[in-house]
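Asker: I'd like to ask you about the structure that follows.
FYI, it's all coordinate maths here, none of it is from the lab. Just so it is clear, the model here is predicted, and its values are computed rather than measured. We place every Cβ from the backbone using ideal geometry, glycine too, and count neighbours over all the protein chains shown.
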Amino acid sequence: MTFCGATIGLEPPLALLAELTHRCPLRCAYCSNPLALDPASRELDTAAWCRVLDEAADLGIIQVHFSGGEPTARKDLEALIAHATAAGLYANLITSAVLLDRARLERLRNAGLQHVQIGFQDTQPAKAELISGFPGGQAKKLEVARAVTDVGMALTVNAIVQRHNIDRVDDFIDMALELKAGRIEIANVQYYGWALKNRAALMPTREQLVHMDERVRARLPELKGQLVVDYVVPDYYAKRPKACMGGWGRKFLNVTPSGSVLPCHAAETIPGMTFDRVTERPLADIWANSAAFQRYRGTDWMPQPCRSCDQKEIDWGGCRCQALALTGNADNTDPVCDLSEHHGLLAEIAAEDGGTAEAPITYRSFSL
Amino acid sequence: MTDGVTEEDRVRLAPGVMLRQDRVRGHWQLLGPERVLILDEVALEVVRAVTAQPQTDQPPVTVGMAIGALAAQFDAPRDEIAADVLELLGDMIAKGFLTR
Ligand code: SF4
Ligand code: SF4
């Protein structure tokens, strides 16, 4: 398929985040889902998802990440994974694990699932459950994690790091080794959605971050060849932003439970955006021409200081959702950048919210 | 901690890793959890050689056997390619695409 003019120089995307549902038995205080969740009645059905997967593979996507909410809440997950695999896609599952058991893992593996990523809130059960609001969750996660490698799939431990667990980063690494995970992702909470509401309760102090950073770096040599470590320096203490999603509309697309196509999972927080839906327009056309993808694609939209900066095709001006959350305008340079006039805000917020005072936690809530 | 790969080692694709041709872009690649390694022609032949399935009942090939096969295939002196192959394999193991 060709599209006139607009697509010249546009590369095909690499990854699809398929948010199958917003339903989730957990209530994580850091959840990045939007505050207004899609109800089950608006979820795409099996046939619609299968068509999305075919269109994604035709478009050049190579990896699909089944996510949510909790994707295992969908009974057709096996069918969707089998369909994705038949279309030539590499299937990943991003899960809280609490709804899984060995029998279902075997069915998912037989459908073609290659990799399971399990989110851990902490290494200590009581503390994990304080964050997830789900009693008994930790034991269940550990049991499922063991079954994942046992039935022959790759396991990632996703350590979601915030003020209450950041001092236990070594324990997270040990846990990943003990579970025979091939990979650990040390992810500092990103402050969108529910996490932004809870920033004062979650943000670590600078001392905590420095300590974590030292510990992770100290362990890297011994882990080489044994455990792949994906580790991202937390934004609020950084000097230069990350290329959010590899650049807006460059590598990645996200389909929400009700079928909206987003350039990033938090894009719905930006006012004045219109999103196309997979039920109304082919995915290739959305990728090339959708207003939401065009809005911040490339460098033409950039304000100063990005416009005349030599980093602009490296970090693509950082994260739009963060620019919005912190400066009130998504069109601004990401304030994580120390060239941004708003950069001072980060230090203020970090000092204020990163304090040690105990702020109350608001749990993600969702009524069906 | 990985010591260097030796010719006596046997390597295989790590769990969750698959060798695939990209049907839109044409190149061969290793796909794994959250990562992709694009293989040039030489790397592709190395991966194929070290993961080759021998006759049933036979143990998997050793790295040394694979080097021998590659030397014959490319009509190249064995010692010249051995060091390069070992280095390439060490790198792929460190990145989690292969395992011993
Ligand atoms: S972050 Fe927690 S509440 Fe949000 S979808 Fe994931 S497991 Fe559910
Ligand atoms: S000014 Fe813009 S392009 Fe330059 S480093 Fe900062 S965010 Fe990146």
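Asker: Scattering from the C-alpha atoms of the range A:74-120 alone, worked out with Debye: what is log10 I(q)/I(0) at q = 0.20, 0.26, 0.28 1/Å?
Answerer: -0.61, -0.99, -1.12
Asker: Using DSSP, restrict attention to beta bridges with both residues in chain A and report what percent are antiparallel, rounded to the nearest 5. Let's see the in-between values first.
Answerer: Values: 3 of 36 bridges.
The antiparallel fraction comes to roughly 10 percent.
Asker: Compute the FRET efficiency between A:K127 and A:E222 as 1/(1 + (r/R0)^6), taking r as their Cβ-Cβ distance and R0 = 30 Å, and round to the nearest 0.05. Walk me through the numbers on the way to the answer.
Answerer: On the way: r = 26 Å, r/R0 = 0.86.
That gives a FRET efficiency of 0.70.
Asker: Whole angstrom only: what separates the Cα centroid of the range A:265-280 from the Cα centroid of the range A:327-342?
Answerer: Distance between centres, Cα-based: 22 Å.
Asker: Next up: Lysines within cross-link reach of B:K95: Cα-Cα under 30 Å, excluding same-chain residues under 8 positions apart?
Answerer: Straight-distance partners of B:K95: A:K140, A:K141, A:K180, A:K224, A:K239, A:K242, A:K251, A:K312.
Asker: Follow-up question, since we're still on this one. Applying a 10 Å radius around every beta-carbon, put A:113-122, B:39-48, A:281-290, A:11-20 in order of their mean neighbour count, most first. Mind showing how you got there, number by number?
Answerer: Details: A:113-122: 24.5, B:39-48: 16.8, A:281-290: 19.2, A:11-20: 20.7.
Most protected by this proxy first, the peptides run A:113-122, A:11-20, A:281-290, B:39-48.
Asker: What's the longest piece of chain A with no exposed trypsin sites (Lys or Arg not before Pro), counting a site as exposed if DSSP puts it in a loop and it has at most 14 other beta carbons within 10 Å? Display every interim value, and only then the final one.
Answerer: On the way: sites that count: A:K75, A:K239.
Of all site-free stretches, the longest is A:76-238.
Asker: At what distance in angstrom do the alpha carbon centres of the range A:123-176 and the range A:301-324 lie from each other?
Answerer: Using only Cα atoms, the two centres lie 35 Å from each other.
Asker: For labels at B:R23 and A:R104 in the simple 7 Å Cα→Cβ model, what's the distance in nm?
Answerer: For the pair B:R23/A:R104, the computed spacing is 2.9 nm.
Asker: Continuing with the same structure: Within the set of other residues whose C-beta is less than 15 Å from the C-beta of A:L59, count the net charge using Lys and Arg as +1 and Asp and Glu as -1. It would help to have the intermediate numbers written out before the result.
Answerer: Numbers: positive: A:R51, A:R250, A:K251, A:R281, B:R23, B:R25; negative: A:E11, A:D54, A:E55, A:D58, A:D276, A:D285, B:D22.
Residues close to A:L59 contribute a combined charge of -1.
Asker: Where Lys and Arg each count +1 and Asp and Glu each count -1, what net charge lies around A:P13 among other residues with Cβ under 14 Å from its Cβ?
Answerer: After counting each charged neighbour, the total is -1.
Asker: Could you please report the charge total around B:V36, scoring K, R as +1 and D, E as -1 over all other residues with beta-carbon less than 12 angstrom from its beta-carbon?
Answerer: On the way: positive: A:K251, B:R20, B:R25, B:R35, B:K95; negative: B:D22, B:E34.
Summing Lys/Arg as +1 and Asp/Glu as -1 gives +3.
Asker: While we're here: Report the Cα centroid-to-centroid distance between the range A:195-254 and the range B:25-93 in angstrom, as an integer.
Answerer: Each part reduced to its Cα centre gives a spacing of 34 Å.
Asker: Tell me the mean residue ellipticity at 222 nm calculated for the protein assembly as shown from its helices only (DSSP H runs of n ≥ 4, each -39500 (n - 2.57), averaged over every residue, nearest 500).
Answerer: -10500 deg cm²/dmol
Asker: Using only the Cα atoms of the range B:32-100, build the gyration tensor, take square roots of its eigenvalues as a ≥ b ≥ c, and label the shape rounded, prolate or oblate: rounded if a/c is under 1.5, else prolate if a/b is larger than b/c, else oblate.
Answerer: It is oblate, given that a/c is not under 1.5 and a/b is not larger than b/c.
Asker: Mind giving me the nanometre distance, one decimal, between the label points for B:R78 and A:E313, set 7 Å out from Cα along Cα→Cβ?
Answerer: According to this spin-label approximation, the distance is 4.7 nm.
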